[in-house]
1. For region B:216-308, what is the Kirkwood hydrodynamic radius in Å, using each pair of distinct C-alpha atoms?
2. Going Cα to Cα from B:Lys174, which aspartates and glutamates come in below 12 Å? Please leave out same-chain ones fewer than 8 positions away.
3. Could the peptides B:249-257, C:324-332 be put in order, highest first, of the mean number of other beta-carbon atoms found within 10 Å of their residues?
4. Collect residues whose amide H, placed 1.01 Å from N in the peptide plane, falls under 5 Å from the amide H of C:Thr383; neighbours closer than 5 in sequence don't count.
5. Return the FRET efficiency for the residue pair A:Ser189, B:Gln203: r is the Cβ-Cβ distance, R0 is 60 Å, and the value is rounded to the nearest 0.05.
6. Among the aspartates and glutamates, which have Cα under 13 Å from the Cα of C:Lys194 when same-chain residues fewer than 8 positions away are ignored?
7. Starting from 0.36 nm per residue, how many nanometres of slack lie between C:Leu24 and C:Glu538 once their C-alpha separation is accounted for?
8. Rank these for me by crowding, A:Ile172, A:Ile203, C:Ile268, B:Ile113, going from fewest to most other beta carbons within 10 Å.
Amino acid sequence: MSDPVALELREHFATVEQQRGTADTGMWVFLMTELMMFGGLFVAYTVYRFNHPQAFAEGSASMDIMLGSVNSAILLTSSLTMGFAELSAKLGRQRLLGILLLVTILIGLAFLGIKFTEYVEHYQQHEAPGVWFNRSGPHAPAVQMFFVFYFIMTGLHAVHMIIGIFLILGLISRNMIGSLSAAYHTPVSIVGLYWHFVDIVWIFLYAIFYLPGLHK
Amino acid sequence: MITNFRLWPESASSMSGPVDLFFVIMLILCTAVSVAIAVFLIYCAIHYHRKRENELGSQERYNIPVEAAWTIIPFVLFIGMFIWGAKLYFAIERPPDNAITVYAVGKQWMWKIQHPEGQREINELHIPVGRPVKMVMTSEDVIHDFFVPAFRTKQDVLPDRYTTTWFEATKPGKYHLFCSQYCGTKHSGMIGWVYAMSPADYQNWLTQGAPEGSLASTGGKYFHQFGCANCHHFNSQGRCPDLRNLYMRPVLLTTGKTIIADDSYIREKLHNPDAQVPWGFSSGVMPNFTGVVSEEQILALISFIKALGPQPGTQQPSSSGTAPTEYGTQKGIGGPGVTSNAGSQVEKR
Amino acid sequence: MIEAVAEKLEKNYLNEKQGLLSWLLSTDHKRIGILYTFSITCFFFLGGFFALLMRLELLSPRNWLVSAGTYNKLFTMHGIIMVWFFLIPSIPGTLGNFLIPMMVGAKDVAFPKLNLLSWYIFMLGGTVTVYALIRGGVDTGWTFYTPFSTSYSTTYVVAAAVGVFIAGFSTILTALNFVVTIHRMRAPGLTWFKLPVFIWSMYANSLVLILNTPVLAITLVMIAVERIAKVGIFDPALGGDPVLFQHMFWFYSHPAVYTMVLPGMAVISEIIPVFSRKPLFGYKAVAFSSVAIAVLGFLVWGHHMFVAGESVYSALTFSFFSYCVAVPSAIKVFNWTATMHKGSISWDTPMLYAIGFIGLFTIGGMTGLFLAALGLDVHVHDTYFVIAHFHYIMVGGTVMAFLGGVHYWWPKISGKMYPEGLARLSALIVFLGFNLTFFPQFVLGFLGMPRRYAAYPEEFQMLHVLSTAGATILGVGYVLPLCYLLWSWNHGRDAGPNPWRAPGLEWKSTSPPPTHNFEVTPVVTSKLPYDFEAMKEELELV
């Protein structure tokens, strides 16, 4: 006899099969909207980078490549732990699931901590547009544009990370009260999808903000 | 309200006729199709009007040849419309070589016009009939639009950029000028008149205004007033490029790229001197003139620099007496070792 | 008679749970549809009120009723409310919500709680926008062009942008719900090519909304950031490009206008077959044309920028694709018309609206061909020609389709019939009022009357007076249905399950339907959609 949780058919579905696939499809569709939203920013960034190559290279040279790379590594690690968490969920290993989800959150918090440090650093170097931006030189206005995009795009990414952390907290509490099992672990898969997506967005952000300045 | 009511706009430019012809053909075609569909709809509604409450209609579901026909025929017609529209557009967007240039600066909420001969107008534009006129325009603030319905032309006017439009008036008269890109409170007040005059009347009008002299000579005054002459000497020894023979010529930059020294390049140099530095010269030398020169003063300076170079197709400067008679290879202009020749007109959009 | 009374006393979605809270916390897609109907009706009349003020002002060539600044706020708020709080959410939120689960044989949408959340988000967005209105309004035009909106306007731009941003989430969540519902929750046997075209069109519409709305969201965020932090993202003095804003805005807004018309087409594709007692002609062509419009609609945004400073080659590309996207619309019009041929045509109100839609949408679409022509657009861009064009499609098209759909499904939704005679009269008033309002605007536009002008040269006055007269008549035409539909909710005669003898799944349940739509999930055995032939006995047709 399967876990009672698995047979819990929600009112509006005709069959369990229908119910299972729905959440997955829903998350994929939602991620398409996220792709378009970040996509709009990437397009605008690309246009301005094309218009002001030197200014953007200059802006990128001010980025802390060390912190950026460390952040990339740890975020990728968090995707790894999340992936293992999904596997644990499939295998019904609830305790392991709880631990891995917690580790994922901790890594996520570390990422946000480093990001915050970088933001403070930029502020102290007068590279925070709208708050304290002070730059001289021929390309100064366009360098500010670089930083505007840096803060908006990484800021939006950070917001998504925070939402992701709350989602994982939700998973942990559901796991603790026993509503997740090998037969029903859909919430873990869809939060996992979301988390991996946010991770991939970061890879692209790392590429466009940190790497161009390496030439200098 | 009743007396000057009209159904068709005045046609007063060389493009009005072709545009109107296209419009009329489209009108006839689209009216015919719309009427045909409407008639068919009404016919069906009446002829096949339900006779009993429980009547069933015929059950035909599709007809491939008919489906194909009403897919392919419209598509072919649409391509025809596309081609015709595109050909008109090319004509509308590309001014003839012999166009006279008039400058316009739009700002909330007025049009400031500058003629090369020196006349300035506010919300009015006097032009000769029978001569193509090219408008070079910029905005001081938001996006505006220069619209003369009688000429069938329209062009957005942008800040920090030059946009152009052209027209050739065919009939003397007074024609509406409208701003047609919403620009704030008095958008509907940013209107004026275009006065097309016979060539003789236009000459008369030209000689009446402009006590300060031509736009190029005003530009020459600014050239000295703003200190440009202190660096941009008319010899090859200065630390700054000699601006003779510059206008519309290729310029090799320190980055290795070659660009054409057009109106936008000159304007850009004033606002952002350390971008696009010519080969052989250093950055950090030319001051930044943002906030120092107005858009109209920039246009006068451009006219002056234009006058320093040879006219297209000739070796003569446009206004004698304002430029030295010597021409030769210049550092940075045309690249080292390249001899100068008559500027090529590259109209890029 | 007794059976009808007995049926009415049975539990249905309207009477099963009573009380305001049971409505405000309901996850039943049908009740949520009614919540949306209530909201979008309020927004429609608010936006319409602004239009009325504008038309009154335009009676005179000089400013007489309102100042120029107020006029600018009127047309801005009219646009914002009509586009984002009426046209985009109306048919999906009301008819889509009500019908999609029933048409696919499901008990509800895929995510019912998300559906309710959508409505609350929509109301929140509306509240913030109305707040901007009350505080003093916005005067940028619904298109928010920079640098005016970012650096020059002194009105409540950020508040309006935030309101629209929030409403965008509602749109996305509803569209997401529909896509997943249509994919995953179809009844057994209901394959794609047996689905009503309403589903195909709403599906294509939802895909467009999912892809384009986020771009609007981020564009509005950038405007808000620029205004608040004063960092010039679109300010040329700081290296920004105001034309980039236009590209990003229209990349959203052009597909957006297709999301305003596709739902209307969805409704028409249902009404015409039922009121002709004939299957929809060229079913696959019409179904695929919805998808074609959705795809091609993403390739044409630059046709709003032919004189904005884009390159000649961009302009050529956009003009070409604009002509391509006209083809699927033409296919629909021809197929609808062919459906009526040799049908059994009823003159009931839904059909009157549908026939009106075909005629007016055709005119609107044809004038789109004029605008797609580069050489012609230079003259008529940003004039009243454009205003007439899109009102023919949005008002002559979408609003007529919405009214037709409301009348068609009114018996199912309310269990009652509306008064047919009065309804036909209203449809006629709407049709006449509409044409008198907007046809003169084509002439005005070609004459050169620019858009967004509060004052204008005297020679345009006659046409403006005609237009305002039409607008008054049109207003009456809209108020009448509001009145008699509300009246019929309690006093109309009982409709019965299938007063139109329509073949769709939604007509198999009672009117009004029970909360769970179907007691048993229906199994679809007919081989074709609109299968009048197979259902002859059931529908008692001869």
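Coordinate-derived values only; no laboratory data. What you see is a predicted model; the values in this text were computed from it and never measured. All Cβ positions, even for glycine, are placed from backbone atoms using ideal geometry, and neighbour counts span all protein chains on display.
1. One over the average 1/r among Cα pairs gives 13.3 Å for region B:216-308.
2. Straight-line reach from B:Lys174, under 12 Å: B:Glu10, B:Glu124.
3. Peptide ranking by packing, descending: C:324-332, B:249-257.
4. C:Arg451
5. Numbers: r = 82 Å, r/R0 = 1.36.
Efficiency computed from Cβ-Cβ geometry: 0.15.
6. C:Lys194 reaches C:Asp531.
7. Values: separation 514, 0.36 × 514 = 185.04 nm, distance 3.76 nm.
Residue separation times 0.36 nm, minus the Cα-Cα distance, leaves 181.3 nm.
8. So the ranking, lowest neighbour count to highest, is A:Ile203, A:Ile172, B:Ile113, C:Ile268.
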